[in-house]
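All remarks here apply to the structure that follows.
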Amino acid sequence: MSMSQGRIGWIDEFKGFVLLLVCLYHVEQSFPCASMGMLHLSALRMSAFFFISGVLFSTRRFRNFGSYAAHKTKVLLWPYVALSLLFMLLDPVIYNFDLFPKAPRMTIMNIRPEIANVKDYIGWNAAKIFVAGKSSIGSGPLWFVFTLYSVSLIFYLVQKMAGKAKRVARVVVAAVAVVALAAGWLLNQKHMRYPLGLERDLTVLFFFACGWLSRDAIKKFGRAHAVVVAAVAAVSFALYAYFEVPNPNFSIMNNDLGKSFVGFFASSVSGIVGLVALFQLLSRVPNVAPVRIFKGILRNISRNALVILAVHWWILLVMRLLFKPEINRPGIAYLSILVVVAGVIGAIPLFRCKLYKLLGKERISVHESLSIK
């Protein structure tokens, strides 16, 4: 099975599942009464996303760094800036500053700004977008888009530096990955934050590089017996459960990785291996209707990640600012999921058919945008 075929088979479902976990975590974060145990999955969500992005890394279509950077600027940097600004302008706090105390806290490179009015709020949101690389309050999750952009460019240079000899290149990339992880962990321990999120780039570069280094192993693993794949998944998730420690402050966005390196490393790696095995196994399940629909939904989430991550967060932000006391009640809080799903389903065709230029994508039909095939 080639990697491109593997992507059709399970990688998009993998990405969609990780992004679904991100959305559910934000629901739980906004309304604690909607408890789903998402805090226990903090160590694997974004590390798994950047790992699988590394698996998919390729420069075959690009002549040089300039052409590669131009493409990534169009599909990652431009949407990050455009959507960050759009949802900043849609932030209810700008139109009713009395809501500010209810808004998510803003921290920029360890600075907790003093915000006294709308002008301050807009200015610090701009700093958050363009200085910290963390997107606006109205589109918080889009930090990952900017990080994917910067890490992709860094890795391109690392790969070219490593040369064309496969074995030597793998050694060089592995060495760079280890150094990046060590530097990212050290900056985490020192609570150091730099412009454009350099500290998180170092941490993310490790997972991205590991994805690239694992491609051959993943192909071979895809040919293993189903019993072996299931056993690897079971053991990996058992190890994850053993090493994982719930930490409400854990955040790759802030490069806040906890106090135990062993716990962070072991839980992240075992979680990633478990997810790879799980979706390899799922690709072998008979394609009956429930399985086919579930896979199709995950693929759609993966294809529409930019829209879904920005819109779901904005909907939750509005509900959090305006209706949190009414929504954050036992049982009722789970209804926020239905509101988010309905809003996202409505937003996907809007962005893919009308506002597609903000995404750096081509226009597609409503049917294509909502397709779960």
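The values are calculated or read from the model by the stated rules, or taken from the named source; none is laboratory data. Remember, predicted model here, so these are calculated numbers, not experimental data. Counting neighbours? That spans all protein chains shown, and the Cβs are built from the backbone with ideal geometry, glycine included. Calculation scope for accessible area: heavy atoms of the full protein, side chains included, ligands and nucleic acids excluded. Shrake-Rupley method; radii C 1.70, N 1.55, O 1.52, S 1.80 Å.
Looking at this structure, is Asn247 on the phi > 0 side of the Ramachandran plot and crowded, with 16+ Cβ neighbours inside 10 Å? Spelling it out, it is not the case that Asn247 is on the phi > 0 side of the Ramachandran plot and crowded, with 16+ Cβ neighbours inside 10 Å. Residues of the range 169-196 that are crowded, with 16+ Cβ neighbours inside 10 Å, under 22 Å from the mean Cα position of the chain (by Cα) and small (Gly, Ala, Ser): Ala177, Ala180, Ala183, Gly184.
Looking at Ala266, Ala234, Ala305, Ala238, just one residue is touching a Leu at 6+ places or on another chain (Cβ under 6 Å) and either open to solvent by less than 30 Å² (accessible area, probe 1.4 Å) or at pLDDT 95 or above (or both), and that residue is Ala305. Counted as qualifying within the range 279-369 are the helices (runs of 4 or more DSSP H) with 2 or more residues that are without any contact (Cβ under 8 Å) to a residue 12 or more places away in the chain and either more than 30 Å from Pro101 (Cα to Cα) or of a type in the set (Gly, Ala, Ser) (or both), namely 289-303, 335-349.
Pick from Ser58, Ser30: which is of a type in the set (Gly, Ala, Ser) and either surrounded by 15 or more Cβ atoms within 10 Å (Cβ to Cβ) or modelled with pLDDT of 95 or more (or both)? After ruling out the rest, the residue left standing is Ser30. Counting the residues of the range 64-91 that are part of a loop (DSSP other than H, G, I, E, B) and in contact (Cβ under 8 Å) with a residue 12 or more places away in the chain gives 2. If only residues of the range 92-121 that are free of Cβ contacts under 8 Å to residues at least 24 places away in the same chain and part of a loop (DSSP other than H, G, I, E, B) are counted, the one that is most open to solvent (accessible area, probe 1.4 Å) is Arg105.
Do we have any residue at all in the range 145-157 that's under 20 Å from Tyr95 (Cβ atoms) and not aromatic (Phe, Trp, Tyr)? Within the range 145-157, not a single residue is under 20 Å from Tyr95 (Cβ atoms) and not aromatic (Phe, Trp, Tyr). Looking at this structure, is Thr73 surrounded by fewer than 17 Cβ atoms within 10 Å (Cβ to Cβ) and either within 16 Å of Lys134 (Cα to Cα) or of a type in the set (Asp, Glu) (or both)? Answer is no for this residue.
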